[in-house]
Structure formats: C-alpha cells, structure tokens
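A quick write-up on the structure given underneath.
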Amino acid sequence: MDDQTKLREFEARILNGELIEPKDWMPERYRKQLIRMISQHAHSEVIGMLPEGNWITRAPNLRRKISLLAKVQDEAGHGLYLYSAAETLGADRNSLINQLLDGLAKYSSIFNYPTLTWADIGIIGWFVDGAAIVNQTMLAKCSYGPYARANLRICKEENFHKKQGYEIIVTLAQGTEEQRKMAQDSVNRWWWPTLMMFGPPDGQSPNSEELMRWKIKLYSNDELRQRFIDLTIPQAKAVNLNIPDPDLRFNEKSGNWETGSIDWDEFFRVIKGYGPMNRQRIEARRNADKNGQWVRAAADAWAEKQRLKPNEMAGS
Ligand code: FAQ
C-alpha cells in the first residue's frame, strides 16, 4: 500500500473515532506533533512541581502540608506517564530531558511566575489545575491511545488538586482582612497568565489546524479558554473575589463572559525565556539532575547486576 492510501485509511479511522495505537501506521507529522506536544506537557508537569515545592516547608499546618506533598508527587507521576507515552512514539526519554535542561524545550508559560504567598498555592490549584483540567479532559478523548489514557488518569488526580486549591482560597476569602487581601492579590497576579496557558489566539496558533484535523485537539485554544473563563467566574463570585478586568462583562446573547484583551506580548516574552522565573526554573532542574546522578548510577548498576544474575536476584 502506498503512503497516500495509508494516509487516507489513517484519516478515515480518525474520522470514525478509532484510537491510533503505537504499532499502527501513522504519518510522520502526526508522530512529530504528538512527541512535541506530549514532551512539552511532560516537562510542564515536572517544572510545575517547583513553584509549589517552594511552599512545602512553609505550609501553614500538617493537613495542608500532607495535601501539598501529595499534589507535588502527583505532578511527578504525571510527568512519568507522559514521558512513557512519548516513548511509545519512538522518542528517547533522555534526549527529551536533555532538551529541557539545555533550555531548548518549551514547557507551560504559567510556571515561570513566582509563588510569593501561601494564597498562590491555592490559586495554582484553583486556576492552573482548573485550566489544565479543561484542556486535558479534551486530551483524554484525543486520537492517540497512550496519550488519551495518560490524560484520563491525570485528570482524575487534577480534580483533587483543584478542590484542595479552591478550598485554600475559600478559607482565606472567609478569613481575616489580611487573608482576604492575600487571596485577592493572588487572583490579580495569576488571572491573566492563566488565560495565556491555553496558547495564542486561534488566528496565531500555527499547530491548531493540523492537530484538530487529526483529533489530537478537539477544540481550539480560544474555545477552551472561554470554557475555563465561564466556569471560573461564578466560582470567584461565590467567594467575593474580583477578577482584575475592568472590561469583563456577561454577554446575554452568547451566554459567555467576555474579557478585555490579553497581553500577548507578555506571553511571547515568557515562552521565549524572558519571564520572571525562567532562569531559576531551568537552574533548579539542572541542579536536581546533577544531584540525582548518583541515584541513577546506583539504579543502573543494580539493573546490570540483575541482568547478569537473573536467578540469584529473583530469589533475593
Ligand atoms: N506555554 O500552535 P500553538 C499543568 C507554544 S500542565 C508555553 O497554539 P499547540 C499541570 C506552543 O508549544 C500544563 N508554550 O501550539 C499542572 C507552540 O510552540 P512550538 C501544560 C506555549 O501545541 C498544574 C507555539 O506556542 N499542558 O498545568 C503555550 O497547538 C499545576 C504556538 O502555539 C499541556 O502541555 C504555553 N502556555 O497548543 C502541573 C497540555 N501555549 O512547539 C503542576 C498539552 C502555546 O510550535 C501544577 N498541550 N505554546 O515551538 C497542549 O494542549 C497544547 O500544546 C497547547 C498549545 C494548548 C499548550
């Protein structure tokens, strides 16, 4: 069968709602796009541990500390599911990680902002995990089986993350004047960067057309951003927190909340490496890589020993 016929059959399967699995024929562009997206997603989960990890030692009580520890560990797990999904496409995990350490790979813009107060931990759960859930619920239905299944598991855990974050914010919003102010300040700093997480507007999103044709994405960046806005504004109103947007208004006709314009210059600056925390994030990952080298060497040595003496090790 020639490649044109294979492509026609592949696209017919996708139109039919079938999942594509690792050993199935797929166009090289489909493979490339998936490796790009899945690896960026994996890097985001791993870098995403840093802003919250920053608060583990300063969580206000034991219950909060336990939840935060569990959440940060979950993000590491998500990174592992995703690197594994990328490997099913023939990608090499070490090369992907090296691209991140060399500053050549993208990861979500949102993790280049600092966590200045405890309220930021609540906001990350409420806004950032909330946004991730909107995006990943779609990705859990995407056309590539291993990525869809990884997202299904991730979404289940992100739901708990969002709840713990919103609960932190509700507690602060109903607390002292100082706590309320802290929550509002956090909303003010994170609202716009969270809207940017969904990617550039539809007219400026070079990958969307191809990704949507192959049902890797089922909705556009703007459609998902709108869904997040419509879900989140009633939640902010319920706790009397203001969205920092003087142009925000409800459109009775469309049933959507309309926002003012997003500062796309800021977004492009951040994804080019000039956000407030880009340098520190990569530096932290490089240190973690260096400090973990002896653990990986020990694990490799153990695996090698197991390979050489399978019977002895199996009995041990
Ligand atoms: N940040 O053509 P498009 C999380 C890049 S996980 C940085 O629209 P596409 C969990 C894009 O890569 C959050 N770069 O691209 C958590 C492309 O560059 P390239 C991450 C961005 O792929 C919670 C260029 O701009 N989630 O939060 C961003 O169609 C709490 C043009 O853009 C995922 O990765 C951005 N925000 O759509 C963890 C989900 N947006 O590669 C810890 C999977 C765009 O051509 C704590 N990914 N760019 O050089 C996706 O859904 C998509 O890739 C989008 C972008 C929606 C991110």
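Where a number appears in this text, it was derived from the coordinates with a stated rule and is not lab data. These numbers come from a predicted model, not from an experiment. Methodologically, a virtual Cβ is constructed for each residue, glycine included, from the backbone with ideal geometry; neighbour enumeration extends over all protein chains shown.
In terms of distances greater than 25 angstrom between alpha carbons, the cross-link table entries 6/156; 65/181; 32/305; 106/217; 65/237; 6/141 yield 6/156; 32/305; 65/237. Under the simplified labelling scheme, the residue 56-residue 238 pair shows an inter-label distance of 3.0 nm, with each label point 7 Å from Cα along Cα→Cβ. Just to verify a number: FRET efficiency for residue 13 and residue 178, C-beta to C-beta distance, R0 = 51 Å, to 0.05? Plugging the Cβ-Cβ distance into 1/(1 + (r/R0)^6) gives 0.30.
Once you reduce the stretch 166-234 and the stretch 235-264 to the center of their Cα atoms, the two points are 11 Å from each other.
Other residues whose C-beta falls under 15 angstrom from the C-beta of residue 230 contribute a net charge of 0, scoring Lys and Arg +1 and Asp and Glu -1.
Scoring 276-282, 31-37 by mean Cβ neighbours within 10 Å over their residues and listing the highest first yields 31-37, 276-282. With the charge dipole of the chain set up from +1 on Lys and Arg Cβ and -1 on Asp and Glu Cβ about the Cα centre, the Cα lying farthest toward the positive end among the listed residues 17, 262, 140 is that of 140. Separation of the stretch 266-286 from the stretch 1-56 is 25 Å, based on Cα centroids.
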